[in-house]
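Okay, structure first, notes after.
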Amino acid sequence: MALGLLPAAIVSLVLGAGLIALGASLPALTDAVTPFADGWPGVWAVLLRVTLGAAIFGAALALVAVTFTALTLMVGEPFYDRIWRATEERLTGAVPAEGTGFWRGVADALSLVARGAGVGVVCFLIGLVPLVGGVAAAVVGVAWTGWLLADELTSRALTARGIDRRGRRRLLRSARPRTLGFGIATQLFFLVPLGAVVTMPAAVVGATALAVRLAEKRSTLINK
């Protein structure tokens, strides 16, 4: 568990530096893309640029949240694989024989980044709505990225049981409240400063426990 902190810390530093750079450049960026507002009354120009800046930063946060998980799982593959195996042995007494494979993990990570980019675009568009856009984008972003996090974090344990991507998502949808609860809670911890670093190893354990319960439920339904 302690070793699992290292990859999360490395990725957090890189992505955190990117967010800080984006935040510092937001005033110049919003001025550059809204030259038509230079002649507007001061309050309206400021409102437009603040709204646009909030939308850009909110979209970046949604993308970073998902990208963090994908990159951390790739960088920390040996550490998180060890945590997963230890959790499987503790919960079930054995480790599923079918491994996920390096390239399958890379494909899942790239898919997660692509879907995260889609969430970022949607949050950006929602954030453009005056007054309520920022709050609405935050709520949608946390809920949606929470679902994506749950999908990605449970993929190792479910794939090892021979469940393909379509089957995994169908299984997660069958327990939507529990899946969303786990994903959103994880995402909210990720938003706390240094929370992602501390939470990531525990998230792997929690995702494994969730996957085991869902797989057991699936086996019970099949046997019936």
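Structure data summary
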| quantity | calculated |
| --- | --- |
| Region 130-206-region 1-40 distance, computed between alpha-carbon centres (Å) | 22 Å |
| Cβ-derived FRET efficiency at R0 41 Å, Ala17 paired with Arg173, nearest 0.05 | 0.65 |
| Rg ratio (alpha-carbon, reference 2.2 N^0.38 Å) - the chain | 1.15 |
| C-alpha long axis of helix 5-33 to longest principal axis of the chain, angle in ° | 20 degrees |
| Tilt relative to the chain, helix 195-223 - C-alpha long axis, 0 to 90 degrees, to 10 | 50 degrees |
| Cα-projected label distance for Val139 with Leu180, points at 7 Å along beta-carbon direction, nm | 1.2 nm |
| Added length on full extension, which subtracts the Cα-Cα distance from 0.36 nm per residue, Val50 to Val33 | 4.9 nm |
| Candidates Gly181, Gly93, Gly146: whichever shows maximal mean-square fluctuation once the chain is modelled as a Gaussian network with Cα springs under 10 Å | Gly93 |
| Region 4-58, accessible surface, carbon-and-sulfur percent (1.4 angstrom probe) | 82 percent |
| Förster radius 22 Å - calculated FRET efficiency between Ala202 and Val75 (Cβ-Cβ, nearest 0.05) | 0.80 |
| Phi-based couplings in Hz for region 168-176 (Karplus 6.51, -1.76, 1.60; Gly and Pro marked x) | 4, 5, 5, 5, 5, 5, 5, 10, 4 |
| Cα long-axis angle, helix 77-92 against the chain (0 to 90 degrees, to the nearest 10) | 50 degrees |
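The values are calculated or read from the model by the stated rules, or taken from the named source; none is laboratory data. This structure is a prediction, so every number in the text was calculated from the model and none was measured. Using ideal geometry, Cβ is built from the backbone for each residue, glycine included, and neighbour counts are taken over all protein chains shown. Note: accessible area is taken over every heavy atom of the protein model, side chains too, but ligands, DNA and RNA are not part of it. Shrake-Rupley method; radii C 1.70, N 1.55, O 1.52, S 1.80 Å.
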